[in-house]
Amino acid sequence: MAKKTTLRRPTPRLISVFVSAIGLLLVSVGATYYIGLVAVQNNRRLAHEVTVLQQLEAYISTLLSMETGQRGFVLTGQHEYLDPYTQAAAQLDKRSTTLRVYASQRELPGQSVDHILQLAHAKTAELEKTIQIRKEQGEAAALTVIQTGEGKRLMDSIRDEISQLQDQSRANIQADLSRARHSALIRTFTFISMTLLNVAFLFWAARLILKAIERRDAAVQEATNQRTMLSTTLTSIGDAVIATDTTGAVTFLNTEAERLTGRDSSEAIGKDIAEVLPISNELTGQPAENPILKVLKVGKVVGLANHTVLLSKDGRRIPIEDSAAPVRDESGKVYGVVMVFRDVTERRKTDIARERLAAIVESSDDAIFSKTLDGIVTTWNRGAQEMFGYEPNQIIGQPAAKLFPPELVEREKSVIRRVGQGEHIDHYETVGLRKDGTRFDISHSASPVWNRRGEIVGISAIARSITERKRLDSTQRELADELANMERLNRLAARFISERDVHAVLDEMVDTAIAITRASKGNLQLFEPSTGHLTIEAARGFSREWLDFFGNLGGGQDAACAQAMRLKERVVVHDVRSSPIFAGTPALDVQLKEGILAVQSSPLINRSGDLLGMLSTHFTETYTPSETELRWLDLLCRQAADLLERNRAETALHKSQERTRLEISQIESIYQAAPMGLCVLDLELRYRRINERLAEINGFSREAHIGKRVHELLPTLASQAEEVLRRVLDTGDVVRAELRGETPTQPGVQRIWDERWYPIRDAAGAITRVGVVAEEVTERKRMEAELDRARAELQSHAAGLEKTVAERTADLRSSIAELEGFSYSLSHDMRAPLRTIQSFSQIVMEQAGDKLGQMEKDLLTTITSASSRLDRLIQDVLTYSRVIRSPVRPVPVNVEELIRQIIHERPELQLPKADVHIEGPLHRVLGHEAYLTQCITNYLDNAIKFVPPGTQPRVTIRAERVETASNGSPHHHPNSDGCVRLWFEDNGIGIPKESQGRIFGIFERLNPDASYPGTGIGLAIVRKAAERMGGTVGVESEPREGSRFWLQLPAATTQ
Amino acid sequence: MNDYRTINNNRTILHVEDLPEDVFLLKYALQRAEITNPVQVASDGQEAIDYLAGAGKFADRQKFPLPYLVLLDLKLPIKIGLEVLEWIRSQPALKSLIVIVLTSSIHEGDIKRAYELGANAFLVKPSDSKVTLDMCKAIKHFWLQHNQPPLGAHELRPVR
C-alpha cells in the first residue's frame, strides 16, 4: 500500500519544479505584457503627435488658402476666386477649435495657440477688409491695402509661430520613435530569455514526472497483485464481503456477496450500496440504515443491528449479521468501507426453535427439570422452582432425591434405572417434598434424554402438582361460598345500621360466624373491663351445662377465648384433645361432652385497640381455617367490633347523660340546702338564681329575688356589689370580699358577709354571670373580736407564766447543778474519809493484829465492813443519779453477745459457782450498752445472791417477742419492730406477792442485811436504766419457787 | 527488756495529794509493793507546778529532781489536778512526762477531760488497802518495769 500512496502524492520536488515553471511563465507573461503596454502607449503618443502636426499644417494651409482666394479676387475681381476663401474661412473656425482643444489638453502650449489664434483673427480681419475694399473700391484700393504689407507680416508671424510648434512636435516624435525602438529591443531580449528558462524547467520537470510515473507503475503493479490476492481470498471465503468508496459506491463484492445480493460484480460495482444491499429490520420491516453509510458517518466499526434482513435481487429475505469497518490510508483518512456479513438463516432457525422450547419449559406451571443418570439435577425451570421452593442455584448439582420423601427415594431410583434403559414413564402419582419439608401430591413423568449418537445421557422429568389441580377444582365452590359470605355480611351490615335491638344483631352475628367458618356452634362474649371477664351474650347450639360452665370467664381460665383475650389475637384450637390450653382441665371434659373437637376464638377489638368481646365458633370435627374463612371472619369481627363500640358508646353516652342529670339535680338540691348563701347574678347584678339560705338572710322569698337587682332589694350593698363585680370582670378570677350593709329583716343592724364572687363563663369563655357564695360573718366577727380580746389577755397571762416557768427552770437548773456538785463531792469528799477509816482499820489489823484481843479485832472488822458498805452505797447512789441524768440514744445491741461477755468476765457467774444458761437466740434490742450491762449485771447479781444457803444458783435467760402497744411503753421508737422481753429466771428464794410492787423502788430491801447484804439501789438502777432506754421492767415470783425478772426493750429491726 | 532494779528503781515519783491520810496510805502501799523509788509529795496544785518547774523552794534539782512519774490527784486546793495536767502538757520539756491520775472521783467528765489533756492513765483510789496494794504492784510492774520511757526522759532539765 505504501507504493500506492506514492502514486497518489507527487513528490515535493516535482511540485516545486512545477511551481517554479509556472512562476517563471507568469513572470515572462507579466514582463511581456508590461513591455507591450509601454509600446502601445508610445505608439499612441506618436500617432497623436503626428495628428497635432498635421492639424498645425492644416491650419496654416487653410489660412494660405484664404489668402490665395483673397489675392485671386483682388487681382481679378471675379467672384469665383472668392470660393477658396469662403471655403477656407468656413474651415478655419473648426481648426481653431481643434487647436484650442489641443491647448486645453496641454498637447500644445496654450500661449502659443492663443497667439496664433489672435494672429489668425487679425489676418482674417485683414483679408476680409481687403476683399471688402476690392468690392467697393476696386482693385487699386485693395492692392494699396495689401501693399502695406500688413497682411504679409501677419501671415509671417503665424507661419513662424506654427513652424515653432511644428518643430517641437517633430522633436517629440523623434523622442517617441527612439523610445519605441528601445523598448522593442528590451521586449525581444526578455522574450528570448524567458523562453529559454522555461524550456529548461520543462526539461527538468519532465524528468521528474517520468521518474514518478515509473514508480507509480511499479506500485500499481504491486497493488494489483495484492488486490488480486485479496479478492481471491475474499471471493473464496464463506462470508460475504462488500466494499465501497467514500461515496458509498460499491467497489468490490465477493462471490458470497454476489450470491446473497443476487447481483454480479459487473452489475453491482459503481452502484450505490443501498441499491446493491437493501436491508431492513426483520421485526419492523422498516428499511434499516446501511452499516456502510453509518461507518462513513461515524468513521468507526459498526456492527449490524440484530434482526437485519437482506432483500436479495431475486426477492429472498436473508437474515444477516456482521459488521462494517472503515478503510483508512496511512494518514488515517477514510477512503472506503468494507462490510462483512453472513447469512444467518440456519442459525436463526435453530435459535428460534430453542427459544420457543425454552419459553415453553420456562412458562410451564409444571415442574420440568432434568437430571443425570446418577440423579443429579442439571436443569430446573420456574415451575419447578415454584412447586418445590428451590432456586435453580440451590438445586442444580444436587441429588434429585431431595425432591421426594425419604420413603419414596428407592422408588425414584428404580424409575431412574428404568428410564436409563430407555423406558418412558408416563404420569404416575407420587409425593413431592418441598424445600420447607411439606409434602404435596404430584403426577410425575420421566423420559430419557438422548444425545446425537443415540446414547441416553440424562433424564427429563415433569412433575405436576395434583394439589393445585384439586384446588382449581374447588375454586368454583369457594367462589360461591364467598358470594354467600359477602351477602351475609352485607345483610348484617344493613341490620347494624337499622336494627336497634343489639341482641338480635349479636345473634345474627353468631349465625354468620358459624356459617363463615362452617362451624356447628358459636357464641359471642362481651368483655367487661372492670372485672376482666368475658360474658356470653349470644350463643347458638350449646347445652345449658356448657353455657353454665363457660358463661362467665376470666382471663386466667382454661379456654380458647380466655387465651385469645390474653393475647388479643385469634386463637384456633385445631383439636381440643391435643391442645395445651385444655390439656388436663375440666374444660376439656365439658367440650368433649358437648361434642366439640375444635374451637376458634376471634377477639373483637375496637379501633383504639381495646378488647370489646370475643366471637367464637365451635366444631364437631378437627378444624383448620382456610385463609378465605379467616378473611371473612376478620371482616365480620371488624363489623362486630364496630357495632359493639357504637353500642358501648351509646350506652356510655346515655349513662353519662343520666349521670349528668342526676348530678345536676344533686347539685341543685345541695345548692338549695347549702348552709351558706348562694346566688348567681347577671352582669347587671340581677338575681338569676338564689338559694334558700341567702333568700332568708336577705329577707325576701326566693321568687321575689329572681330578676330583681341588688340595688332594689339591698340598696346598702349596691355600690359594694358593683365594685366587686368590676374586680371579677377585671381579673377574671375569684374575688373575695367582705360586704357590709343592712337588710329589711334586721333594720338598723350592720350585718357583715364574707363573700366569694367567681366568674361564670359561656362556651366562648366570656364572663356572662357571676356566682356568689355568701356567708354571714356578723356573729363570727363579733366573736373574733372577743376572741382577740381574750387572746390578748391570755397572752399577757402567758407572758407571766413563761416568766415563772423560766424562773423555775433556772431554779431547777441550779438545783441540778447543785445536785451534780453534791454527787461530785459525795464521790470524792465523802469517800475519802471512808477510805481512810477502812484502810487504816485494815492496816491496824495487819500491823497489830496479833497484839489485839478478839473483841478489838471484831470491832475493827465491823468498822471495815461498815465503811465498805457505806462506800458501796455511795457508789450505787452515784450510779443511780447518773442514770437519771444522762441522755441516751438507743442503738441496736446484740444482747446475747453482751450477756456472754458479762458472764465471761465474772467468775462468780460461771460454773461451779453458778449455772447461768442462755436459751438463745436472743433477739437484738435497741438500747445502750453500758446501761444494759448495768441492768443485766444487777439482775444476775441478785439472782445468784438471793438463793437459799447451800444451793447452787441457777439462772436461765431467754427472750420473748411482745407487741409494743400491749405493755404501754412510754417511749415508742419508730425504728423498732415490736419489743423484746428478756427473762431472767432463777431458783432463788422468791419474792412475796405483796412486796413485788416495791422492790424496784430506791432503798427498798426485803431481806435482813446479815443474810443478804445490799444497798437497796440495784433494782432501782435497773428500772431507771430500762426507762431511760425506753423499756420496762417487772418480776413474777412465788416465795421459795424462784423469781422471774424481766426487762423489756424495743426490738431492733432485723437486718 | 529493762530490769527495774537497773534502770527505774532510783527515779523520783512525784505524788500530788493534799490529804495526809492518802499520802500515808499510798506510801504504805508502795513500801509493801517493794517500790524503792524516792517519792516526793506536793500537797496542792501550785506546789506541784513549782516542783516541776524547779521554782521557789524546789530550785535545787539535786534535792528535788525531775520526777520520772507523777501520781496526780484531781481534787486539790489552789489549783485542781486538771489544771496541773494542762500546765504540764503545755511545757515542751514535760510533754512526755508520765502522769497517772489517781483520784477518788469516778465522774465521767473528769475521766474524759483527763485523757484529753494527756493523762497516761486514770486510776480510782481503792477503799480497800489490799486493793491499793494490788494497784501499787501493778504500777510497779507496768510503769516501772515494763514501760519504756521516751529517750532522755530521765535526764530532764529544769525548765524556766
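The numbers here are math on the coordinates, done by the rules we state, and not lab data. These numbers were taken from a predicted model, which means no experiment stands behind them. Positions of Cβ are generated from backbone atoms using ideal geometry, with glycine treated the same way; all protein chains shown enter the neighbour counts.
Against chain A, whose longest principal axis is taken from its Cα atoms, helix A:627-673 shows a tilt of about 60°. Counts of other chain beta carbons within 10 angstrom of each beta carbon in peptide B:18-29 average 3. With springs connecting C-alpha atoms under 10 Å apart, model chain B as a Gaussian network and identify which of B:54, B:109, B:118 has the largest mean-square fluctuation. Between B:54, B:109, B:118, it is B:109 that shows the largest mean-square fluctuation. For chain A, the longest principal axis of the alpha carbon atoms and the long axis of helix A:150-236 meet at an angle near 50°. Taking a label point 7 Å from the Cα of residue A:961 along the Cα→Cβ vector, which residues of the range A:884-914 have an amide N closer than 19 Å to it? Answer for this model: A:892-897.
Counting neighbouring Cβ atoms within 10 Å and putting the fewest first, the residues A:414, A:881, B:129 line up as A:414, A:881, B:129.
Run lengths n ≥ 4 of DSSP H only: what is the helix-derived mean residue ellipticity at 222 nm for chain A, with -39500 (n - 2.57) per run over all residues, to the nearest 500? Don't jump to the answer; show the numbers that get you there.
Values: 31 runs with 576 residues, N = 1055.
Rounded to the nearest 500, it is -18500 deg cm²/dmol.
Is chain B rounded, prolate or oblate when judged by the Cα gyration tensor, a ≥ b ≥ c being the square roots of its eigenvalues, rounded requiring a/c under 1.5 and prolate requiring a/b larger than b/c? Rounded is the answer for chain B, as its axis ratio a/c remains below 1.5. Gain on full extension, evaluated as 0.36 nm per residue between residue A:626 and residue A:451 minus their Cα-Cα distance, stands at 58.2 nm. Shown is the FRET efficiency for residue A:93 and residue A:192, computed with R0 = 56 Å from the Cβ-Cβ distance and rounded to the nearest 0.05: 0.55.
Taking a straight Cα-Cα cut-off under 20 Å and skipping sequence neighbours fewer than 8 places away in the same chain, the lysines within cross-link reach of residue A:129 are A:152.
Tell me, A:339, A:676, A:855 in order of fewest to most beta-carbon neighbours within 10 Å? Show your work: numbers first, answer last.
Details: A:339 26, A:676 16, A:855 8.
Taking fewest neighbouring Cβ atoms as first place, the list is A:855, A:676, A:339.
Per-residue extension of 0.36 nm, minus the Cα-Cα distance of residue A:281 and residue A:80, leaves a gain of 61.1 nm for this segment.
Mean partner shielding of peptide B:119-127, defined as the number of other chain Cβ atoms within 10 Å of each residue Cβ, is 3. Here the calculated FRET efficiency for residue A:577 and residue A:373, from their Cβ-Cβ distance with R0 = 45 Å, stands at 0.35, rounded to the nearest 0.05. Label 7 Å along Cα→Cβ of residue A:125; the range A:56-99 residues with amide nitrogen under 17 Å? Backbone N within reach: A:93.
Less than 5 angstrom separates the built amide H of residue A:282 from those of A:308, A:309, all sequence-distant by 5 or more or on a different chain.
Which FRET efficiency, nearest 0.05, do residue A:684 and residue A:478 yield, Cβ-Cβ r, R0 56 Å? Each step should come with its number before you reach the end.
Details: r = 77 Å, r/R0 = 1.37.
So, using R0 = 56 Å, E works out to roughly 0.15.
Here the sum of -39500 (n - 2.57) over DSSP H runs of 4 or more residues, divided by the residues of chain B, equals -10000 deg cm²/dmol at 222 nm, to the nearest 500. If a spin label sat at a point 7 angstrom from the Cα of residue A:651 along the line to its beta carbon, the backbone N atoms of the range A:555-575 nearer than 18 Å would be those of A:555.
A straight Cα-to-Cα reach below 22 Å connects residue A:271 with the lysines A:294, A:297, A:313, residues fewer than 8 places away in its own chain not being considered.
Shown for A:501, A:682, B:110, A:481: other C-beta atoms within 10 Å of each C-beta, ranked fewest to most, produce the order A:501, A:682, A:481, B:110.
For residue A:427 and residue A:153, calculate 0.36 nm times their separation in residues minus their Cα-Cα distance, and state this gained length in nm to one decimal.
Values: separation 274, 0.36 × 274 = 98.64 nm, distance 15.95 nm.
Extending this stretch completely gives an extra 82.7 nm.
Distance between the modelled labels on residue A:913 and residue A:179, one decimal in nanometres: 18.2 nm (7 Å Cα→Cβ projection).
Give me the inter-chain shielding for A:420-432: mean count of other chain Cβ atoms within 10 Å, whole number please.
Numbers: counts 0, 0, 0, 0, 0, 0, 0, 0, 0, 0, 0, 0, 0.
So the per-residue partner count for this stretch is 0.
Here the simple spin-label model places points 7 Å from the Cα toward Cβ, and for residue A:873 and residue A:781 these points are separated by 7.4 nm.
Ranked by the mean number of other Cβ atoms within 10 Å per residue, highest first, peptides A:742-749, A:42-49, B:46-53 order as B:46-53, A:42-49, A:742-749. Between residue A:225 and residue A:413, the simple label model (points 7 Å from Cα in the Cβ direction) yields a spacing of 7.5 nm. With the cut-off at 1.5 for a/c, could you classify the range A:793-899 from its C-alpha gyration tensor as rounded, prolate or oblate? It is oblate, given that a/c is not under 1.5 and a/b is not larger than b/c. Dividing the mean sequence gap of close Cα pairs (under 8 Å, 6+ apart) by how many residues chain A holds gives a relative contact order of 4 percent.
Across the range A:347-461, how many lysine pairs, 8 or more positions apart or on different chains, have C-alpha atoms separated by under 23 Å? Please give the number. Don't jump to the answer; show the numbers that get you there.
Numbers: A:371/A:402; A:371/A:413; A:371/A:435; A:402/A:413; A:402/A:435; A:413/A:435.
Final tally of qualifying lysine pairs is 6.
Taking amide H atoms as placed 1.01 Å from N in the peptide plane, the amide H of residue B:15 lies under 5 Å from those of B:40, B:41, B:42, B:71, each 5 or more residues away in sequence or on another chain.
What ranking do A:635-641, A:1027-1033 get when scored by the average of other Cβ atoms within 10 Å per residue, highest first?
A:1027-1033, A:635-641
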